[in-house]
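Participant: Dropping a structure here in structure tokens format, bear with me for questions.
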Amino acid sequence: MRHLMNPLDFTTEELDRLFDLANDIEKNPAKYAHACEGKKLATCFYEPSTRTRLSFESAMLSLGGQVLGFADASNSSAAKGESVSDTIRIISCYADICAMRHPKEGAPMVAASKSSIPVINAGDGGHQHPTQTLTDLLTIRSLKGRLNNFTIGLCGDLKFGRTVHSLINALVRYDNIRFIFISPEELKVPDYITEMLKEKSIPYEEVIRLEDCMPQLDLLYMTRVQKERFFNEEDYVRLKDFYILNKAKMEPAKKDMLVLHPLPRVNEISVEVDDDPRAAYFKQVQYGVYVRMALILTLLEIQV
Ligand code: CP
């Protein structure tokens, strides 16, 4: 039995197979419409979510399976003090596979260690968000045709942003990737990431102004400044609108640059950018369903 805790749990060859499967699902949805008949997915979300939870549920329903779960831990027995270890033992009696989001880093890993069904980390604190990374990689591979040879700018909250940490870890396995980290001083990417890049001799730059690097980018990955990760309101208010991508800022960018965002967005991408053909963040959401369908099939070892 296999779990997914970290994007690195899959080799790059396994990821290629997963993405090929996701692309086949995109082209031939009817072929997969009954693949999970009789199977159940539990979504256990101890933190708010729109995309991750609903895309998992949409994925399982599109595969002919069924879904159950909770979207608000205060309505589960966690509110009475039940541990994640006990909860997953219970869920293992009700479902065939579980997607879990938790504010505590490592909680899905604890669940996996006690589970008799595959557990998928659907985001744990500021640590990892592997299925968002699978979504990001599939989007890039599908729209750019490759996962190597590009300069990617990551912009916004690089300190607490688990999607950013997961994506960097996944991209370092591909050739000729250059990172430009765009953030205010307070939200810089953690040292353990820059140390890892230095060790692997992977080029990176840190800049504060988006305008200083726009023409160099093949991909721009925008992120939200996350209110829920700040210890005080004052710091959040000071930093929340530090970056706002608008039409004027898109002017100097390459004509085939892609703008990605894990969403939700607040103010960091102006809605006037949504009609720009380089804005790929809503397509990214659709790829998130295909890749989660492919992941469910892979972890349940169902071949179609
Ligand atoms: N991208 C993402 O994780 O969105 P949700 O928080 O809505 O699941």
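The values are calculated or read from the model by the stated rules, or taken from the named source; none is laboratory data. Nothing here was measured: the structure is a model prediction, and the numbers come from that model. Note that each Cβ is placed from the backbone with ideal geometry, even for glycine, and that neighbours are counted across all protein chains shown. Please note that ligands, DNA and RNA were not included when accessible areas were found on the heavy atoms of the full protein model with its side chains. Shrake-Rupley method; radii C 1.70, N 1.55, O 1.52, S 1.80 Å.
Participant: Considering only region 259-279, state which residues are within 14 Å of the ligand (Cβ to nearest atom), within 27 Å of LEU18 (Cβ to Cβ) and either of a type in the set (A, V, I, L, M, F, W, C) or not assigned by TED's automatic domain parsing to the domain that holds MET214 (or both).
Facilitator: Once the filter is applied, which keeps residues that are within 14 Å of the ligand (Cβ to nearest atom), within 27 Å of LEU18 (Cβ to Cβ) and either of a type in the set (A, V, I, L, M, F, W, C) or not assigned by TED's automatic domain parsing to the domain that holds MET214 (or both), region 259-279 yields LEU260, LEU263.
Participant: Tell me, yes or no, whether region 169-177 has at least one residue that is touching a Leu at 6+ places or on another chain (Cβ under 7 Å), buried (at least 24 other Cβ atoms within 10 Å of the Cβ) and among the hydrophobic types (A, V, I, L, M, F, W, C).
Facilitator: Among the residues of region 169-177, not one is touching a Leu at 6+ places or on another chain (Cβ under 7 Å), buried (at least 24 other Cβ atoms within 10 Å of the Cβ) and among the hydrophobic types (A, V, I, L, M, F, W, C), which makes the answer no.
Participant: Return the pairs, sorted by first residue and then second, in which the second residue is surrounded by fewer than 16 Cβ atoms within 10 Å (Cβ to Cβ) and aromatic (Phe, Trp, Tyr), the first residue lies in region 136-150 and is within 14 Å of THR163 (Cβ to Cβ) and free of Cβ contacts under 8 Å to residues at least 24 places away in the same chain, the beta carbons are less than 8 Å apart, and the residues are 6+ apart or on different chains.
Facilitator: Within 8 Å, no pair qualifies.
Participant: In addition: Look through region 130-140, keep the residues that are within 13 Å of the ligand (Cβ to nearest atom) and open to solvent by less than 10 Å² (accessible area, probe 1.4 Å), and return whichever of them is nearest to ALA279 (Cα to Cα). I'd like the intermediate steps shown before the answer.
Facilitator: To start, the set of residues in region 130-140 that are within 13 Å of the ligand (Cβ to nearest atom) comprises 130-136, 139.
Adding the requirement that they be open to solvent by less than 10 Å² (accessible area, probe 1.4 Å) leaves 130-131, 133-136, 139.
Numbers: PRO130: 22, THR131: 21, THR133: 18, LEU134: 19, THR135: 15, ASP136: 13, THR139: 12 Å.
Filtering region 130-140 for residues that are within 13 Å of the ligand (Cβ to nearest atom) and open to solvent by less than 10 Å² (accessible area, probe 1.4 Å), the one nearest to ALA279 (Cα to Cα) comes out as THR139.
Participant: Looking only at region 6-53, how many residues end up being open to solvent by 10 Å² or more (accessible area, probe 1.4 Å), within 16 Å of the ligand (Cβ to nearest atom) and either out of contact with any Ser or Thr (no Cβ under 9 Å at 6 or more places or on another chain) or not aromatic (Phe, Trp, Tyr) (or both)?
Facilitator: Residues flagged as open to solvent by 10 Å² or more (accessible area, probe 1.4 Å), within 16 Å of the ligand (Cβ to nearest atom) and either out of contact with any Ser or Thr (no Cβ under 9 Å at 6 or more places or on another chain) or not aromatic (Phe, Trp, Tyr) (or both) within region 6-53 amount to 7.
Participant: Of the residues in region 113-129, how many are farther than 15 Å from PHE45 by Cα, surrounded by 19 or more Cβ atoms within 10 Å (Cβ to Cβ) and more than 16 Å from the ligand (Cβ to nearest atom)?
Facilitator: Residues in region 113-129 being farther than 15 Å from PHE45 by Cα, surrounded by 19 or more Cβ atoms within 10 Å (Cβ to Cβ) and more than 16 Å from the ligand (Cβ to nearest atom): 3 in total.
Participant: Additional query: Report whether or not ILE88 is farther than 30 Å from VAL172 by Cβ, open to solvent by less than 60 Å² (accessible area, probe 1.4 Å) and either of a type in the set (A, V, I, L, M) or not in a loop (DSSP other than H, G, I, E, B) (or both).
Facilitator: Values: farther than 30 Å from VAL172 by Cβ: yes; open to solvent by less than 60 Å² (accessible area, probe 1.4 Å): yes; either of a type in the set (A, V, I, L, M) or not in a loop (DSSP other than H, G, I, E, B) (or both): yes.
For ILE88, the condition - farther than 30 Å from VAL172 by Cβ, open to solvent by less than 60 Å² (accessible area, probe 1.4 Å) and either of a type in the set (A, V, I, L, M) or not in a loop (DSSP other than H, G, I, E, B) (or both) - is met.
Participant: Still on this structure, please answer the following. Taking ARG173 as the residue in question, decide whether it is modelled with pLDDT of 95 or more and either touching a strand residue (DSSP E or B) at 6+ places or on another chain (Cβ under 8 Å) or part of a helix (DSSP H, G or I) (or both).
Facilitator: Against the criterion (modelled with pLDDT of 95 or more and either touching a strand residue (DSSP E or B) at 6+ places or on another chain (Cβ under 8 Å) or part of a helix (DSSP H, G or I) (or both)), ARG173 does not qualify.
Participant: Within region 7-56, which residues are outside any loop (DSSP other than H, G, I, E, B) and small (Gly, Ala, Ser)? Talk me through it step by step, then tell me what you get.
Facilitator: Residues of region 7-56 outside any loop (DSSP other than H, G, I, E, B): 7-9, 12-27, 29-32, 40-45, 51-56.
Matches in region 7-56: ALA22, ALA30, ALA42, SER55.
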